[in-house]
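Heads up: the structure comes next, in structure tokens.
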Amino acid sequence: MADITIRPMRRDDEKPVLEIYQVGLDSGDASFETVAPAWTVFDAGRLPEHRYVAADDGGTVLGWIAVSSVSTRVVYAGVVEHSVYVDPAAQGRGVARLLLTTLIAATEAAGIWTIQSGVFPENTASLTLHTRSGFRVVGTRERVGRRHGRWRDVVLLERRSPAIT
């Protein structure tokens, strides 16, 4: 993992970030979304201070992580939902773990006390990553939405910061 650098996401990361996102969406087990949005939509929906990419020593983007607010209500100011996507060619190298570790440190430093995520139960790699990173399963939202006409369950995970009380 010494050849992997985590850095803030930049505007010029648009192409690789959206390509990696689309490959994840095409897998069928990453999201209810089926098409990666235009950069303007992606950018508007994610908090700019908590977006990171993993890049190799040649600068190639291997994966990304970003958060969105869960609510505009003040009481939820410290709660975010995150997404993490890794290029299939880079999977198994610890990229997602590095991204998630970076995000956890950055959000805690910013006073965010809860990170949550919804994961399809079939995405066992993501469920394992999250539980090993201190997330707990809150529950399963049964048949919460359809993807290509098929009802899907979503496992709701959260990580409550032990540093913010």
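The values are calculated or read from the model by the stated rules, or taken from the named source; none is laboratory data. All values derive from a computational prediction rather than experimental measurement. Cβ sites come from the backbone with ideal geometry, for glycine too, and all protein chains shown count toward neighbours. For the accessible areas, the whole protein counts, side chains as well, though only heavy atoms, and no ligand, DNA or RNA atoms are used. Shrake-Rupley method; radii C 1.70, N 1.55, O 1.52, S 1.80 Å.
Quick look at the numbers
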| quantity | calculated |
| --- | --- |
| Highest to lowest packing among 66-75, 86-95, scored as the average C-beta count within 10 Å | 86-95, 66-75 |
| Electrostatic dipole magnitude of the chain [Cβ: Lys, Arg +1; Asp, Glu -1; Cα centre; debye, to 20] | 580 debye |
| Alpha-carbon centroid distance for the pair the stretch 51-76 / the stretch 107-165, whole angstrom | 15 Å |
| Extreme residue, positive dipole direction of the chain, given options LEU99, SER68, VAL23 (C-beta unit charges) | SER68 |
| Mean residue ellipticity (222 nm) of the chain, computed from DSSP H runs ≥ 4 via -39,500 (n - 2.57), nearest 500 | -8000 deg cm²/dmol |
| Potential extension, ARG136-GLN22 segment - 0.36 nm per residue separation minus Cα distance | 38.3 nm |
| Surface accessible to a 1.4 Å probe, per residue, for the residues of the stretch 2-136, Å² | 49 Å² |
| Surface share of carbon and sulfur [accessible, 1.4 angstrom probe, percent] for the stretch 11-116 | 53 percent |
| DSSP-loop GluC sites (Glu not before Pro) across the stretch 59-165, with at most 15 other Cβ within 10 angstrom | GLU122 |
